[in-house]
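In what follows, a single structure is set out as structure tokens and then discussed.
The values are calculated or read from the model by the stated rules, or taken from the named source; none is laboratory data. In this text the structure is predicted, and so the values were computed from the model without any measurement. A quick note on method: Cβ atoms are made from the backbone with ideal geometry, for glycine too, and the neighbour counts reach across all protein chains shown. In case anyone asks, the SASA skips ligands and DNA or RNA and just uses the protein heavy atoms, side chains included. Shrake-Rupley method; radii C 1.70, N 1.55, O 1.52, S 1.80 Å.
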Amino acid sequence: MSELSINPGIEIRDSERELQRFRRRLVLLGIFVLALFGLLFLRFFYLQVVQHGHYSTLAEANRISVLPIAPHRGVIVDRNGVLLAHNYSAYTLEITPSKTGNLEATIDELAGIVEITPRDRRRFRKLLEESKRFESLPIRTRLSDEEIARFAAHRYRFPGVEARARLFRQYPQGEIFSHVVGHIGRINQREIERLEKSGRLANYRGSDYIGKTGLEQSYEEFLHGTTGVEEVEVDSGGRAVRTLSRTPPVSGNNLVLNIDAGLQEVAYNAFGDRRGALVAIDPRTGGVLALVSKPGFDPNLFVDGIDPQSWNELNGSPDKPLLNRAAAGTYPPGSTFKPFMALAALFYGKRPAQQVINDPGYFMFGGHRFRDGRPVPLGAVDMHRSIVVSSDVYYYTLANELGIDPIARFMEKFGFGSRTGIDISGEAAGVLPSTEWKMRRFSRPEQKKWYAGETISVGIGQGYNSYTPLQLASATATLANDGVMYRPHIVNHVEDIRTREKTLIEPEPLRDLALKPEHLKIVKDAMVGVNKEGTSARVFADAPYVAAGKTGTAQVIAIKQGEKYVESRVAERHRDHAWFIAYAPADNPTIALAVIAENSGFGARAAAPVARQVLDYHLLGIRPKQPAETD
């Protein structure tokens, strides 16, 4: 009986203990669950409330695609509105290599649908080498409507290939303006870094091209415009559903030049098959009326990316069509240097204009005979006659009297040996020799020393003298403008495409040389005499206007002492260059120019006829026939 009373008690005490234990566990579990729900709630609160803006933006970004819209590039026209560079729209077939499996097989298959020439393939490979694989590169440009329709029907077969509408640049004047207008090309990595550094990279999103040379490069900021933005709603597959908003691009500004396209064409054609350059400037403002470098090149070749074969032909040509001879070609000025030497003599008071020297046909100095190229000695020569008939002996002796450093200081005033600051890049500085220049130029002590005999050749525009046609044209314009020098500039004004407001490129006077009027008159009268009775008289014999000028012949290779230069015995590219400088009308100049015809002999024979055609067109509005050559 006592057993029965003890056992139930034990069972009751065990049940209570288990119940209490269970309750404790239940409470702990409840607290744990509540804690988990609390954490979950906090996480939801953080995501839904605290990070609402962030995730809302991400969701919106998945729904909305922001696309850049490239602006229309500004056009370039001459002073009369003739188009020199403009845009047109066409379809391009483009490949993104990273999205394409077998690239060569894809191109081969595409060739069965649209024509892909060997040149297209070469150009594409060149672009592929220069670009990143995720970039879209053109394999064909300017597709016809029929070609677009054929590709659209087979589009599903070509992942990574798209037909896109693009704006293309066109240069209707071709090689005539190649060195003035320049060209655009695809943006490379170096240009991207430069744009990023200048803070302008954002404005080039959506743009594939940038100015590479000429005005296209130097006025890039004006021509490019402002990139627009389009917000497009897309579906889960990335396909556009509708346009939500659009900020249109702002087209680039237009450039209106000082250059007359008709004058440029006349000058370019006047060279015929010769290589050379011409620069014509309005001496009253510095406005460039013509800037010709022949031969030129077709700038349209560079717009889509030039293919290697065409590039090699241009880059490897002995005629150097890519060289802007007008601004970057440097040459000895020959006898066109003599009017400036005469001014230097008057400026320093070293030789009065009426002083007569004897020209026996040579000048002896230090045991060396400096020859005059003419067969008959000139005899008595004063300053006027020295310019009219181009006496070398007169300027040999004058250079010896002046000395190299005074010559250099005076010529520096006219801009010789320094860049003019014209508004296109690539201009060369040339060489204005002096004792200081030679010290800098050479390394060995015996080379650094200036010898008096070297000054003699400088006096006739030979020796170390080396200048651009642009420098010589600017110096001639300064002389024509009575010593007032203006910075040469090609662009007349920039036109805002929206407001039509014109921003004039103001004439910029650089300096007044403060030359005495009586000194200028002596030299100017002599230059008029050159065209009336002197070395270019036959070229200007029937001109209905009065022009001032000076012929020049510049040696390409030195002739040994005692030897005679015979043109027919010299290789064509070693023959003398022909120079001519001029301004007209002589009493009130509106144009000043410099012409060089490479390896063409005497200035009166090759360069002066080019100048005559240019002056006839500018002053009379006619296209004259080539004048008879002079001996």
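So the values come out like this:
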quantity	calculated
Antiparallel content of DSSP bridges confined to the chain, in %, to 5	95 percent
Accessible area, probe 1.4 Å, largest first, for residues Lys126, Lys449, Lys99, Lys294	Lys99, Lys449, Lys126, Lys294
Gln354 paired with Glu18, simple spin-label distance in nm, labels 7 Å along Cα-to-beta-carbon	14.7 nm
Translational diffusion of region 341-400, µm² s⁻¹ [Kirkwood Rh, Cα pairs; Stokes-Einstein; 37 °C; 0.692 mPa s]	281 µm²/s
Computed accessible area, Met439, all protein chains, 1.4 angstrom probe, square angstrom	100 Å²
Residue-level accessible surface for Ser466, protein heavy atoms, 1.4 Å, Å²	20 Å²
Partners for Lys524 among aspartates and glutamates (Cα-Cα distance below 13 Å; same-chain residues under 8 apart left out)	Asp482, Asp587
Estimated FRET transfer efficiency when R0 is 51 angstrom, pair Ala202-Arg374 (beta carbons, to 0.05)	0.20
Sequence-separation-based contact order of the chain, relative, with Cα cut under 8 Å and 6+ spacing, percent	14 percent
Residue-span extension gain [Val570 to Arg498] - 0.36 nm each, minus C-alpha spacing	20.0 nm
Percent of Cα-Cα distances greater than 23 Å, calculated over region 135-261	51 percent
Protein accessible area in the chain, 1.4 Å probe - carbon and sulfur %	53 percent
Distance from region 167-200 to region 358-406 (C-alpha centre basis), Å	49 Å
Normalised contact order of region 291-391, rounded percent, pairs of Cα under 8 Å and 6 or more residues apart	21 percent
Cβ-Cβ FRET estimate between Ala541 and Lys516, R0 fixed at 30 Å, reported to 0.05	0.40
All-pairs Cα distance distribution in the chain, expressed in whole percent, bin size 10 Å	3, 13, 20, 18, 13, 10, 7, 5, 3, 2, 2, 2, 1, 1, 1, 0, 0
Two-site label geometry, Leu322 and Leu40: point separation in nm, points 7 Å out along Cα→Cβ	7.0 nm
Distribution of pairwise C-alpha distances over region 360-509, 10 Å bins, in %	10, 29, 30, 18, 8, 4, 1, 0
Sequence of Arg246, Arg371, Arg190 when ordered by accessible area, the most exposed leading, probe 1.4 angstrom	Arg190, Arg246, Arg371
Listed residues Thr420, Gly534, Ser466: farthest to the positive end of the dipole of region 420-537 (Cβ charges)	Ser466
Kyte-Doolittle at least 0.0, axis length at least 27 Å by Cα - qualifying DSSP helices, the chain	2-45
Structure-based [θ]222 nm, the chain - -39500 (n - 2.57) summed over DSSP H runs of at least 4, per residue, nearest 500	-11000 deg cm²/dmol
Dipole-positive endmost among Leu201, Gln264, Phe297 within region 165-304 (Cβ charges, Cα centre)	Leu201
Solvent-accessible heavy-atom area per residue, rounded to whole Å², over region 66-257 at 1.4 Å	50 Å²
Relative contact order (%) - region 66-257, alpha-carbon pairs under 8 angstrom, separation at least six	35 percent
Rounded accessible area of Arg186 (nearest 10 Å², 1.4 Å probe)	50 Å²
Given charges at beta-carbon only (K, R positive; D, E negative), |dipole| of the chain in Debye	1020 debye
Of Lys99/Lys126; Lys516/Lys550; Lys212/Lys320; Lys350/Lys438; Lys294/Lys521; Lys338/Lys516, pairs whose Cα-Cα distance is over 27 Å	Lys294/Lys521
Surrounding net charge for Ala554, when Lys and Arg each add one and Asp and Glu each subtract one, Cβ distance under 10 Å	-2
Most to least accessible of Leu314, Leu479 (protein chains only, probe 1.4 Å)	Leu314, Leu479
